[in-house]
There are 2 protein chains.
Amino acid sequence: MLTVEQRKGLIEAALGRRPLDLVIRDVRAVNVHTGVIESGDVGILFGRVVTTTAEGLQARATFDGRGQYALPGFIDTHVHLDSTLLTPENLARLIVPRGTTAMLADPMESANVGGLAGVQALLGGAADLPYHLLVEVSSRVPTAPGLETTGGTLDLAAVQDMLGWPAAVSLGELDPSKVLGLQDEYLAKVAAAQALGKIANGHAAGLAGRELEAYACGGLADDHEGVDYADALARLRLGLSVLVREGSTERNLDSILRGVLAGGLDTRHLMFCTDDKHPDDIVAEGHIDYMVNRAISLGVPAIQAIQMATLNAAEHFRIEHLIGSLAPGRWADVILAPSLERIVPAEVFCQGRLAARDGRIVAPTPAATYPEWFSHTVKITRGRQAADFNLPAAGPAAEVRVIELYPDQIINRSGRGRLEVVDGNLRADPSQDILKLAAVERYGQNGNIGLAFVRGFGLQRGALASSVAHDHHNVVIVGVDEADMAACVVAIEEMQGGLAVADGGQVLARLPLPLGGLMSPQPPEQVIADLRQLSAVAHDLGCVLPAPFMTLSFISLPTVPELGLTDKGLVDVRRHVLIDTLLP
Amino acid sequence: MLTVEQRKGLIEAALGRRPLDLVIRDVRAVNVHTGVIESGDVGILFGRVVTTTAEGLQARATFDGRGQYALPGFIDTHVHLDSTLLTPENLARLIVPRGTTAMLADPMESANVGGLAGVQALLGGAADLPYHLLVEVSSRVPTAPGLETTGGTLDLAAVQDMLGWPAAVSLGELDPSKVLGLQDEYLAKVAAAQALGKIANGHAAGLAGRELEAYACGGLADDHEGVDYADALARLRLGLSVLVREGSTERNLDSILRGVLAGGLDTRHLMFCTDDKHPDDIVAEGHIDYMVNRAISLGVPAIQAIQMATLNAAEHFRIEHLIGSLAPGRWADVILAPSLERIVPAEVFCQGRLAARDGRIVAPTPAATYPEWFSHTVKITRGRQAADFNLPAAGPAAEVRVIELYPDQIINRSGRGRLEVVDGNLRADPSQDILKLAAVERYGQNGNIGLAFVRGFGLQRGALASSVAHDHHNVVIVGVDEADMAACVVAIEEMQGGLAVADGGQVLARLPLPLGGLMSPQPPEQVIADLRQLSAVAHDLGCVLPAPFMTLSFISLPTVPELGLTDKGLVDVRRHVLIDTLLP
């Protein structure tokens, strides 16, 4: 926040009594408050906007805007930073050149690995980032108490403490089971956020009708889990703002915005988020800029698309005095772009400093220092042997529950299948595309292994594994062959976290993620190359999914309907109970 | 705020597991989030909305909505309660039948009379009101330190304390002199509000260009002093929301909204306020309902006009989780009205209870208990004698400064005039409509009397006086004759506050306002009758102003350009200094 002395400086600069630090000359400023494009010059002091009509004011430096449009920096309203597999400082290299200058991040992955210490490890080195890293305080760590093993927890007292942090903007996504289950601890967390003037983010996956109304009664302010226009409208009418999501796996923008356009709906309560987007996808298609441009190409007026990426988000999170527009007193997060038909940032300023140019970062992104323990979080008890993945059954064959994937969505359907029993062990059957799925406890606590079946990967042989496995982040493995599954677990333990593909007992590709078992210290290019290699090998093995590791990391979620797999077993998400993989 | 147990109750009611307290059946619910009119039934528990699709849910009671529209209750975003001359409980009788269910009140009048104790006296009895009384914490008591005498002050510590009250929604209107004058205390008050997640209300009277930009740099979130569309647009583009004002004296709605319509401007950052509206005007034309209907008649779509009176206000003040829509969890403040072409509330519910019907209050409005001292605040030292109002000058005539009134505005212009000197005393000259104006210190502190001249009242003889005199609330008197001015002061001291008209040395009409010298304990009908009598007598004496006592109460303001009169003398508002009435 601005100090009183800084405020006085801004006021004096506006009055022409002291020089500005910087003027970005000759711009067409996009005023997101009025929707008017104004020819002018952005005057900046202490990293804040003083005026967009700076002509005639003195400045220590000028930057030639060359008649380009000047937009406020884009805001990602809900993101799991650590799901990008990059450290916050390395992530800057991908998102800031795309125009994203604020990330509203729920650090629940690091919290599941290490509790409050995990969050501090993630955010500790982030002070000098060329984007604003704001916190949606994780409301549910663990996500499913009693149904999964995690490395850390955040209780009511920890959450209250974190909500008081200056960087905390909200209580993070609270899933329906806590609300509809009338759980005191979580409703008290909502009350704690509201008492501090902050909002509580929703996570209303799969809810409609009475359940959605009951969920809204819980005090939640928004939802990012709506997959289509019907979902979006159902949420908006209950006063839940809609965080339109376009991640690597979840693709909700087209359906929602086509409906909004067809229905003539006001867009003021719509904003954008990525939730979970892999770095290769950010490089390939973009970040929030991709969503803005997609909205424009669908027919949303550019000013409205920009508002969704800026002012709407800032107002919803009650930080419109800090970011989201180029009005006086706001951080000078400025995108310069030659066109509003398709917005391609030529320059990006964050806090008044040039941060990126022509698609490349120019701000320094020094490596943060992470605590030593954060690189030693994978402690495997069981899962190194093929036999650890056996699922005993009698008879020649058995009926099983099968997690049925939907294309491009993280929700799934509970299906069923019939599998052969070989030597008393239920085997995967690639001919039916029914593969074995396992979640191996990795915090050295109990050696649990949860087992289930999944349809949709298309793998014909081998196995894929990941220590990024929402939200508990145990090791999740999908495979045709148990020996390959074990080989993946051994590789992940060696790397202290990461992704791996194995076939014929050999690890064919790997990506080490030693920071919390979630993130790589390597630059984005290296991580992306490793990830491409992993995907290519997975596809060689028959996998048909565009982002197999992203999909894999979500099957483990015990909060997104209908089924999830944790180290304790298969979870019926709606009923919030463990159920048998074998059907009677 | 809802307790966790109450939240659980709402959730269970939504799920149909426990009965609602009340269902308002058969309504067309105006959904201000989507702009859609939805046929339904409003389900209510603990005074909160659970659902607007209550069909099929059990309820302890039902109310037949008879197919009427159901709207959220209206919000007055900036009002000086005590300027209505009524107590909060008596005011309910006027505003609630009109559909106003939330008053965002800046209690600066009571604070100027009695400091923090004055505010507590005003709000102390307000717990059971049939409307929400929320507080814009007075930022500047006194308004003009060093330029006026007041009965109380609110320093930084007091303001910080009040900002923490659950009913506090913002820091109240901060005037430009504090901001452009770089005064630490007031900028620290802005920071204190922001640190608590609350906004700071502006008061940018007369500002434009660089000064307005500098003012916005001060961290203010809005303004209610814009008088026309040019003002409104200038504020909106700087990120200042516009509180469109329609009080007894200030009439800004038509100009602003005609411009908004002509310019096709988005209305999301517009809302309504009365600021200062006398009770007779509320009875005659209405309250926020009047503004909504006026907007509709100008061509604003009904849904947008309703949004201005509800959701826009709630979102701006960051209380959209509490009021402003009929979404789950919000207070069940519901207006039932047969038409949206002209909204005439047939029934008004506040907090789920029927509060008014067919224009009449039905909720109980028990008289509050005010502390004894609050009825003894007028302590006159000087002003009982005609000679106290003498303004000495030499020669047969002299040039003087004259406060020139604008019709229907509280701003004024600094003019000049030439007056006769009679027996060494500058006299009023009704033939030129130049009258004598005085401000008599009434807190027993120093016996100051400020003297000046004013044009615009049209009074031909006699005098008018008021102990409601913004913001210091000393006794302000306008008159042709000094003896009549003194007679008014004597009457006001006898009444311990109030309004008076005198002529020929006799008091012809009076309205006692013994509570803080600001408010009457009498019912609205009595206060209005007295006020009409006062106006009628004033008009008999030649006064041409529609609301002479409202105008009188604002000439004393040392913060609205160009001139103001306090007990210390004539104030140059822009330069924030005392100046001589006599010109050299």
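Could you please rank A:572, B:358, B:161, placing first whichever residue has the fewest other Cβ atoms within 10 Å of its Cβ? Write out the running numbers ahead of the final one.
On the way: A:572 17, B:358 10, B:161 14.
So the ranking, lowest neighbour count to highest, is B:358, B:161, A:572.
Within segment A:25-92, list the trypsin sites (Lys or Arg not before Pro) lying in a DSSP loop whose Cβ has at most 15 other Cβ atoms in a 10 Å radius. Walk me through the numbers on the way to the answer.
Values: sites: A:25, A:28, A:48, A:60, A:66; in loops: A:60, A:66.
Loop-located and lightly packed - A:60, A:66.
Among B:130, B:554, B:336, whose Cα lies farthest out toward the positive end of the dipole of chain B, if unit charges sit on the beta carbon of Lys, Arg (+1) and Asp, Glu (-1)?
It is B:336, whose Cα lies furthest towards the positive end.
How large is the dipole of segment B:274-334 about the Cα centre if only Lys and Arg carry +1 and Asp and Glu carry -1, each at its Cβ, rounded to the nearest 20 debye? Numbers along the way, then the final one.
On the way: 4 positive and 9 negative charges, 59 e Å.
I would put it at about 280 debye.
Taking the Cα centre of the protein assembly as shown as origin, work out the dipole magnitude from +1 charges on Lys and Arg Cβ and -1 charges on Asp and Glu Cβ, in debye rounded to 20. Spell out each step's value before the answer.
Numbers: 94 positive and 138 negative charges, 43 e Å.
That gives a dipole near 200 debye.
Using only Cα atoms, locate the centre of segment B:59-80 and the centre of segment B:317-377, then give the distance between them in Å, rounded to an integer.
Distance between centres, Cα-based: 8 Å.
Going by a ≥ b ≥ c, the root eigenvalues of the Cα gyration tensor, does segment A:128-266 fall in the rounded group (a/c under 1.5), the prolate group (a/b larger than b/c) or the oblate group?
Numbers: a/c = 1.76, a/b = 1.43, b/c = 1.23.
In terms of gyration-tensor shape, prolate.
So what's the gap between the Cα centers of segment B:381-428 and segment B:510-584, to the nearest angstrom?
Comparing the Cα centres of segment B:381-428 and segment B:510-584, I get a distance of 16 Å.
With axes computed from alpha carbons, what is the tilt in degrees of helix B:288-298 against the longest principal axis of chain B, rounded to the nearest 10 within 0 to 90?
Approximately 80 degrees, to the nearest 10.
I need A:399, B:493 ordered by Cβ neighbour count within 10 Å, fewest first. Kindly include the intermediate steps, with their values, before the conclusion.
Working: A:399 13, B:493 20.
Ascending number of Cβ neighbours within 10 Å: A:399, B:493.
Mind checking segment A:22-93 for GluC sites (Glu not before Pro) that DSSP puts in a loop (not H, G, I, E or B) and that have at most 15 other Cβ atoms within 10 Å? Walk me through the numbers before you get to the answer.
Working: sites: A:38, A:55, A:89; in loops: A:55.
Hits after loop and neighbour filter: A:55.
Only Cα pairs under 8 Å and at least 6 apart count here; give the relative contact order of chain B as a rounded whole percent.
Numbers: 1565 pairs, mean separation 87.5, N = 584.
RCO, chain B: 15 percent.
Scaled to the compact-protein estimate 2.2 N^0.38 Å, what is the alpha-carbon radius of gyration of segment A:500-555, rounded to two decimal places?
For segment A:500-555, the normalised Cα radius of gyration comes out at 1.13.
What percent do you get for the relative contact order of segment A:403-550 when only Cα pairs under 8 Å and 6+ apart count?
RCO, segment A:403-550: 18 percent.
Taking only DSSP H segments of four or more residues, each worth -39500 (n - 2.57), what value at 222 nm results for chain B once the sum is divided by all its residues, to the nearest 500 deg cm²/dmol?
The per-residue figure over chain B is -8000 deg cm²/dmol.
Translational diffusion coefficient, Stokes-Einstein: compute it for segment B:31-150 using the Kirkwood radius over C-alpha pairs as Rh, at 4 °C and 1.567 mPa s, and state it as an integer in µm² s⁻¹. Provide the component values of the computation, followed by the final result.
Working: Rh = 17.1 Å.
So the translational diffusion coefficient is about 76 µm²/s.
Can you pull the Rg over Rh of segment B:240-394, Cα-only, Kirkwood? Don't skip to the end; give the middle numbers.
On the way: Rg = 20.9 Å, Rh = 18.6 Å.
Across segment B:240-394, the Cα-based Rg/Rh ratio is 1.12.
Helix B:108-123 versus the longest principal axis of chain B: what angle, 0 to 90°, nearest 10, using Cα atoms?
30 degrees
Based on the Cα gyration tensor of the protein assembly as shown, what are the three equivalent ellipsoid semi-axes, each the root of five times an eigenvalue, rounded to whole Å and given largest first?
Values: eigenvalues 807, 202, 104 Å².
Listed largest to smallest, the semi-axes of the protein assembly as shown are 64, 32, 23 Å.
Going by the alpha-carbon gyration tensor, a ≥ b ≥ c the square roots of its eigenvalues, is segment B:349-425 rounded (a/c under 1.5) or, if a/c is not under 1.5, prolate (a/b greater than b/c) versus oblate?
Details: a/c = 5.29, a/b = 2.11, b/c = 2.51.
The shape class here is oblate.
Taking a ≥ b ≥ c as the square roots of the eigenvalues of the Cα gyration tensor of segment B:384-480, is the shape rounded (a/c under 1.5), prolate (a/b larger than b/c) or oblate?
Values: a/c = 1.80, a/b = 1.13, b/c = 1.59.
In terms of gyration-tensor shape, oblate.
Which distances, shortest first and in nm, link residue B:542 to the matching position in the other copies, using label points set 7 Å out along Cα to C-beta?
Label point to label point, same position, other copies: 10.5 nm.
Find, among the residues of chain A, the one whose Cβ sits nearest the axis of the rotation taking A to B; state the distance in whole Å.
For chain A, the closest residue to the axis carrying it onto B is A:197, 1.
Any idea what the residue A:362 label distances to the other copies are, label 7 Å down the Cα→Cβ vector, nm, shortest first?
The projected label point of residue A:362 is separated from its counterparts by 6.9 nm.
Could you compute how fast chain B diffuses translationally, taking Rh as the Kirkwood radius over C-alpha pairs and applying Stokes-Einstein at 25 °C with viscosity 0.890 mPa s? Give it in µm² per second. Don't skip to the end; give the middle numbers.
Values: Rh = 24.3 Å.
Answer from the Stokes-Einstein relation: 101 µm²/s.
Take residue A:1 and residue B:525, extend 7 Å from each Cα along the Cα→Cβ direction, and tell me the distance between the two endpoints in nm.
With each label point 7 Å from Cα toward Cβ, the separation is 5.0 nm.
Applying 1/(1 + (r/R0)^6) with R0 = 30 Å to the Cβ-Cβ distance of residue A:161 and residue A:208, what FRET efficiency is obtained, to the nearest 0.05? Write down the numbers at each step before the final one.
Values: r = 35 Å, r/R0 = 1.17.
About 0.30, to the nearest 0.05.
Suppose each label sits 7 Å from its Cα in the direction of the beta carbon; what would the residue B:37-residue B:298 distance come out to in nanometres?
My value for the distance between the label points is 2.3 nm.
What is the mean number of Cβ atoms from other protein chains located within 10 Å of the Cβ atom of each residue in peptide A:192-205, rounded to a whole number? The partial results should precede the final answer.
Values: counts 0, 1, 5, 3, 2, 10, 2, 4, 1, 0, 0, 0, 0, 0.
Counting other chains' Cβ atoms within 10 Å and averaging over A:192-205 gives 2.
Taking the Cα centre as origin and putting +1 on Lys and Arg beta-carbons and -1 on Asp and Glu beta-carbons, what dipole magnitude results for segment B:151-260, to the nearest 20 debye? Let's see the in-between values first.
Values: 9 positive and 16 negative charges, 53 e Å.
Rounded to the nearest 20 debye, it is 260 debye.
So what's the convex hull volume per residue for the Cα atoms of segment A:439-526, in Å³? Don't skip to the end; give the middle numbers.
Numbers: hull volume 9.4 nm³, N = 88.
Residue-normalised Cα hull volume stands at 107 Å³.
Say a label goes 7 Å from Cα toward Cβ at residue B:577 in every copy; what distances in nm does this one have to the rest, shortest first?
8.3
For A:431, A:248, A:414, what's the fewest-to-most ordering of other Cβ within 10 Å of each Cβ?
Working: A:431 7, A:248 26, A:414 16.
Ranked by crowding around the Cβ, least crowded first: A:431, A:414, A:248.
Please work out the FRET efficiency for the pair residue B:446 and residue B:397, using the Cβ-Cβ distance as r and a Förster radius of 30 Å; give the result to the nearest 0.05.
Values: r = 31 Å, r/R0 = 1.05.
Here the calculated transfer efficiency is 0.45.
What angle do you read, to the nearest 10 degrees and between 0 and 90, between the alpha-carbon axis of helix B:524-540 and the longest principal axis of chain B?
So the helix axis and the longest Cα principal axis differ by about 30 degrees.
Considering only DSSP beta bridges whose two residues both sit in chain B, what percent are antiparallel, to the nearest 5? Don't skip to the end; give the middle numbers.
On the way: 75 of 108 bridges.
Of those bridges, close to 70 percent are antiparallel.
Full extension from residue A:375 to residue A:61: what is 0.36 nm times the residue separation minus their Cα-Cα distance, to one decimal in nm? Spell out each step's value before the answer.
Details: separation 314, 0.36 × 314 = 113.04 nm, distance 4.31 nm.
Between residue A:375 and residue A:61, full extension yields 108.7 nm more.
Only the coordinates and a few stated rules stand behind these numbers; no lab work does. Keep in mind it's a predicted model, so treat the numbers as computed, not measured. Glycine gets a Cβ as well: all are built from the backbone with ideal geometry, and neighbour counts include every protein chain shown.
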